[in-house]
Structures are given as C-alpha cells and as structure tokens.
Amino acid sequence: MVQTATRQSIGAEFTEHFAVSKERYGRAQTLIPGGVTHDSRHFRPFPVTVDRAEGAHKWSVDGHELIDYAIGHGSLILGHNNPLVSTAIREQLAQGTHFGAGHDGEVRWADRVRKLIPSAEQVKFTGSGTEATMLAVRLARAATGRKQIVKFAGHFHGWNDYLLKGERSLTDDHVAGIPEQVLDTVDVLPADVTALRERLAKGDVAAVIMEPSGGSWSMVPLPDDEFLRQVREATAANGTLLIFDEVISGFRWSPGGAQAKFGVTPDLTTLAKIVAGGLPGGAVAGRLEVMQFLAFKDDPDWNTNRRVRHPGTYNANPMSAAAGVACLDLVSDPDVQSYCDDLAAKIRVGMNQTLRHHGAPGFAWGESSTFHLALGVETTSTEDDIRRPQGIDLSGAKSAGKSSLAITLGQGMLIEGVDLFGGGGLTSVAHSDEDVERTIAAFDRTLRRMADDGLFG
Ligand SMILES: Cc1ncc(COP(=O)(O)O)c(C=O)c1O
C-alpha cells in the first residue's frame, strides 16, 4: 500500500515520541563515546533513556511506560525491585558496602550457589561475567598446564581479550585492540562433534568453553540434544576441562542452570547476572581439585608460582552478596523458571502466528524464558514454537536483531510501549499474561504498519 501523506513513518514518529531521550542522547554523546555504556544499547537513530523501573516495566525520560524484555540484560528474573531483594540490599547498605575483608554474606552466597549448581563444589566470586570467564580460562590453563582454549562460533563469553573472538561467526578472528598472539591461543570451532574430537586429540587444549544453552542464550542453538553429552565425553577423554558459561542460563534454564536441566556436569561453571540478584557480580564454580588452584598453601613456591592469582576490589561485594542470597533463595523454586518459560513460549507462538497472519517473512525462536526474532527471512520450520530454526545460518541469527527491519520493528514496538532486547528478549516472574497480550497486540500493529509501508517487499 502506498503511504499516505498524512501518516508518519515509524522512524519519524519514534523521533517525536522520544524527543527528550533524543536530547539526553545528544548530551551523553559529548561525554561518553558513542553515547552508550554497553555496545548492545546502541540503537538507531538514538537509544531511549530510562529513569525508573518497577516489576516488568520501566519508564523513559519522555514519560512513556515500557514493558521491559531487557530485564537487566537478563539478570532480573524476579523483575525490577523485587521486595525481598530490595530489602536485603537496604539492610546491607545500613551495615556497610565494602569491608575490605571477608564477610558472612560471601559464605552464605557461595553456599547457595553450591546447593543449586551441580558442578559447584567450591565457588569464587568475581566482579562480572567477563571476569568469571577470564578466571575460568586461567584456572583451566593452570590446572592442565596447557595453553589452547576451544570455543564455539557464535557463543558469547563477555569481552575479555581471550574470548571475544568468534563471537559473531567462525571467521570473526580479528578484534580491534587484541594482539594476534592472544587471539592465537583460542581456536574457534563450529558446533560439530567430529571437528571437536579431531581438535582435542592433539592433546594441547586446556579447556572447551561453551554456552550450554547454545550461543547467545539459544540464538544459535546447539546442533542436537546429544551435543552436550558428546562434548562432555570428548573433553574427558582428552584431559581437557569443560567450562559451561551459564552467565545467562544459570538459574534461568532451571534452578541449577542448563547443566541440571540437561544432566551434563562440566568441570567449571561461570555465573553472573541472576547470581548477584541484578547487582554487579559473577562467579566461577567447579570441581574442588580445579578450584584449589586458587587456594593458598603452606608452600611459598606454590603460592608464588603455581597458584592462580585472583585479586579484585569488588569480588564478593557485600551488596551483591546480599542481593544474590535473597535472589537465589527465590529462584531455587522451579515454579519461577516454569512460569517464565511459559510466558516466553506464548510470546514465540504469538509472534509466529502474527507473522503468518500478515504473510510477513520472519520467525521467532528460542528456548527456556527467551525469544529471538528474525524478520525478512523465511524458515522451513513449520511449528508455532520454534526451537531450532531452519533457513538461517549462524551469522544470520547473530545479526538478525541488527537488521534495518529489526531496527524499524524495535522503534515501532517502543512507540507501542514494548522494549525488546537485541531484537528479542527475556521474561521474568514480574511479567504477566496481560503484558504478553499487550506485547503481541503491539507486534501485530507494528507489523501491519511495516507491511503498509511496503517494508516486506
Ligand atoms: C553467556 C555470557 N557470558 C558472559 C557474559 C559477560 O558477562 P558481563 O556482562 O557480566 O561481563 C555475558 C553477558 O551478557 C553472557 O551472556
């Protein structure tokens, strides 16, 4: 249909609707490079600035209420300002925010992690997920005496120098600012068990690190249900440690993460986000024998030369520990995960039915309490709830949320009061059926508008 002269484009309406955010972004850009403090918050023509959140909703500085599917980059499975987590934070604030010393909170926190995560015999806290994966790799190298690390294309492990390579694709092997010598210590493989077995047989791989959910919280699904078990067998057979990066899937795929859900136990697990109840924090948990490489002994040579060094001003920060303990107590109830899973499945199904209704190319997919969306791409998958889409490759899946159609959809959804995350999103216990219905209605109106504007060809 030809656009009428009176009807605004989605882009023009977005700019008008979020005029205050636009102004704030202008100021942010003068002080903060690119105007955003996390790459994923970059948005065209500008990101929305938020000043308040409650439950599953947040409010932009323009005064618009948004249903939030970023939900603290996945860390807020209990929603914004969960009363028990907020009380724990307030109580800790009154006691002090940093003791420069050990505290009971960190021991309580480690105990909660150990109870929930099958691989966790011991736990060491870090300041973030990026620090956790960096520490896990260092531990694996120290414990095995080997240098090389294997990761899978499309899996994201934070932004440390070792693990950013291969995040976008198999050939994503140049990362500005990271020396080739560092990049060369990591081999990126396709998620293919034959390729993995061949690589591990050389006997020089310290660890395989992977997201057991599939890359980027199921955006890049694992090839099949046997894969995790096969990777476990192949690593064990070659003296290679297996690291599950459960920064997102931990406490989300099940109370014990993806490893408990799929019954495959790694040597080391990295955690962040939910583990700290939405405050900054992360952890490496794992087998005692490996974790002991972090421990001091009555042996100066060990302490100086063999022990893995791990300082960090904010490791096990008391505020994060308090939030983490309160949060982990709540997420130990599997009803939390099944509720969030059901809502995300309703969103995936609702979006796929709506796309079909409009004859618009595209599909939603995902697992657990997540959904991803690719517009302008046909899939041969015919189900309503798609777990492993056909017709889209690894880099297609990873870039789907950044396409110009995805940006227009994102703008349209924001106008309608829905904030997607990376073109998809994650659910929390604070989201309601009504939020989901509103989301699908917003999606329907936005798709209709995009179709009317001739955006689907
Ligand atoms: C699977 C995974 N690993 C590691 C990280 C890095 O965590 P952080 O952002 O806390 O450094 C992320 C962040 O999104 C992640 O999704």
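Since every read-out is calculated from the coordinates, none of them should be taken as a lab result. Predicted, not measured: the structure shown is a model, and the values here were computed from it. When we count neighbours, we look across all protein chains shown, and the Cβ atoms used for this are built from the backbone with ideal geometry, even at glycine.
Brief remarks follow.
- Put simply, the C-alpha atoms of region 147-286 give a gyration tensor, and the ellipsoid matching it has half-axes of 22, 19, 14 Å, longest first.
- Cut-off 12 Å between beta-carbons: net charge of the residues surrounding V418, Lys and Arg +1, Asp and Glu -1: -4
- Equivalent ellipsoid, region 37-196 (semi-axes from 5 times Cα gyration tensor eigenvalues, Å): 33, 26, 15
- Where N is the number of residues in region 392-457, Cα Rg divided by 2.2 N^0.38 Å: 1.18
- Using a Förster distance of 60 Å, the FRET efficiency for E289-R7 (Cβ separation, nearest 0.05): 0.35
- Alpha carbon convex hull of the chain, volume per residue in cubic angstrom: 151
- DSSP-defined antiparallel bridges as percent of all bridges, region 83-331, nearest 5: 40
- Sparse-neighbourhood loop sites, trypsin sites (Lys or Arg not before Pro) in region 85-183 - DSSP loop, at most 14 other Cβ within 10 angstrom: K147
- Net charge, A153 excluded, C-beta distance under 15 Å - Lys, Arg +1, Asp, Glu -1: -3
- With K and R counted +1 and D and E -1, the other residues having a Cβ less than 14 Å from that of H310 yield a net charge of +4.
- Once C-alpha pairs closer than 8 Å and six or more residues apart are averaged by separation and normalised to the residue number of the chain, the relative contact order reads 20 percent.
- For region 66-74, putting each phi into the Karplus relation 6.51 cos²θ - 1.76 cosθ + 1.60 with θ = phi - 60° gives couplings of 10, 6, 9, 9, 7, 6, x, 6, x Hz, in residue order, rounded to whole numbers and with x for Gly and Pro.
- Which listed pairs, of K124/K273; K124/K151; K151/K398; K147/K202; K124/K165; K165/K398, have C-alpha distances above 18 Å, in listed order: K124/K151; K124/K165
- Of the beta bridges in the chain, as assigned by DSSP with both residues counted there, near 60 percent are antiparallel.
- One chain, two ends: Q29 and D111. Fully extended at 0.36 nm per residue, the span grows by 25.2 nm beyond their Cα-Cα distance.
- Residues whose amide H lies under 5 Å from that of L241, counting only those 5 or more places away or on a different chain, are A207, V208; hydrogens are built 1.01 Å from N in the peptide plane.
- For region 298-457, the mean projected area of the C-alpha convex hull, equal to one quarter of the hull surface, is 14.1 nm².
- Alpha carbon convex hull of region 83-331, projected area averaged over orientations, nm²: 13.5
- Here the gap between H98 and A236, fully extended at 0.36 nm per residue and compared with their Cα-Cα distance, gives a gain of 45.7 nm.
- Given the chain, longest segment not containing exposed loop GluC sites (Glu not before Pro) (DSSP; at most 15 other Cβ within 10 Å): 227-377
- For region 386-417, the residues whose backbone nitrogen is under 18 Å from a point 7 Å from the Cα of A19, taken along Cα to Cβ, are 415-416.
- Over the chain, DSSP H runs of length four or greater, each weighted -39,500 (n - 2.57), average out per residue to a 222 nm ellipticity of -11500 deg cm²/dmol.
- Between D298 and I178, the contour length at 0.36 nm per residue exceeds the alpha carbon distance by 39.5 nm.
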